[in-house]
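Let me begin by presenting the structure, written as structure tokens, before commenting on it.
The values are calculated or read from the model by the stated rules, or taken from the named source; none is laboratory data. Since we're looking at a predicted model, the values are computed, not measured. Please note: Cβ atoms are built from the backbone with ideal geometry, for glycine as well, and neighbour counts cover all protein chains shown. Side chains are part of the model used for accessible areas, which takes the heavy atoms of the whole protein and leaves out ligands, DNA and RNA. Shrake-Rupley method; radii C 1.70, N 1.55, O 1.52, S 1.80 Å.
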Amino acid sequence: MNITQFNSKEELDQHAAELFAALLAHNPQATLGLATGSTPTGIYEKMIKMHQAGRLSFNEAATFNLDEYVGLPPGHDQSYAYYMNKYLFNHVDVRREHIHLLDGMADDLAAECSRYDQLLAAKPIDIQLLGLGHNGHIGFNEPDHSLQGG
């Protein structure tokens, strides 16, 4: 594992965006694992700027998101589908058919999860962006109470 420290969120955001750009330059058909929340917004802003400058294309890439709220339609302003459109997808050249999101409105949630698992098995993630919550959670995996500051 490589651990890199940054002096600012700006530096972190730029470095993370550069990692995605380097991967896509090397493998335009890469599969990107994406997250929502406050952590990735600056990274997505950097990616959009790189795309606008001609340095980053999502045209051949596939994307998978981590999660979605059950019971929220994609157009709901609290859904992760809405978030991804607002903060990234509507601003870059990603093909809509290459965007993979969970359906929070699915009648059969187990079948929806199975569908998503099958898609992931066919196109494994090449790079995964995860958010780090204020309490240290990663991708909604909450830390043990003994690890939380008091």
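Structure values in brief
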{"read-out": "Calculated from backbone phi, Karplus (6.51, -1.76, 1.60) coupling profile of the stretch 61-73 in Hz, x at Gly/Pro", "value": "7, 10, 10, 10, 9, 5, 7, 7, 6, 6, x, 10, x"}
{"read-out": "Net lengthening on full extension, residue 72/residue 27 (0.36 nm per residue, minus Cα-Cα)", "value": "12.8 nm"}
{"read-out": "Sequence of 1, 84 from largest to smallest accessible area, 1.4 Å probe", "value": "1, 84"}
{"read-out": "Residue 90/residue 119 FRET efficiency (R0 22 Å; Cβ-Cβ; nearest 0.05)", "value": "0.50"}
{"read-out": "Rounded percent of accessible protein surface that carbon and sulfur make up, the chain, 1.4 Å probe", "value": "53 percent"}
{"read-out": "Amide proton proximity set for residue 58, modelled H, under 5 Å, gap of 5+", "value": "93, 94"}
{"read-out": "Those residues of the stretch 34-58 whose amide nitrogen sits under 20 Å from the label point placed on residue 11, 7 Å along Cα→Cβ", "value": "39-47"}
{"read-out": "Proximal charge balance of residue 80 [Cβ under 9 Å; K/R count +1, D/E count -1]", "value": "-2"}
{"read-out": "5 angstrom amide H check on residue 65, placed H, neighbours 5+ away", "value": "34, 100, 102"}
{"read-out": "Whole-percent pair-distance distribution, where bins are 5 Å wide, for the alpha carbons of the stretch 57-150", "value": "2, 12, 18, 21, 21, 14, 8, 3, 1, 0"}
{"read-out": "Per residue value of the accessible surface for the chain (all protein chains in place, 1.4 Å probe), Å²", "value": "61 Å²"}
{"read-out": "Antiparallel DSSP beta bridges within the chain, as percent of all bridges there, nearest 5", "value": "20 percent"}
{"read-out": "Estimated vicinal HN-Hα couplings, Hz - the stretch 2-10 in sequence order (Karplus 6.51, -1.76, 1.60; Gly, Pro = x)", "value": "9, 10, 10, 9, 10, 7, 7, 5, 4"}
{"read-out": "Pairwise FRET efficiency - residue 134 versus residue 109, Cβ, R0 = 25 Å, nearest 0.05", "value": "0.35"}
{"read-out": "Amide hydrogen neighbours beyond the local backbone of residue 128, cut-off 5 Å, H modeled", "value": "33"}
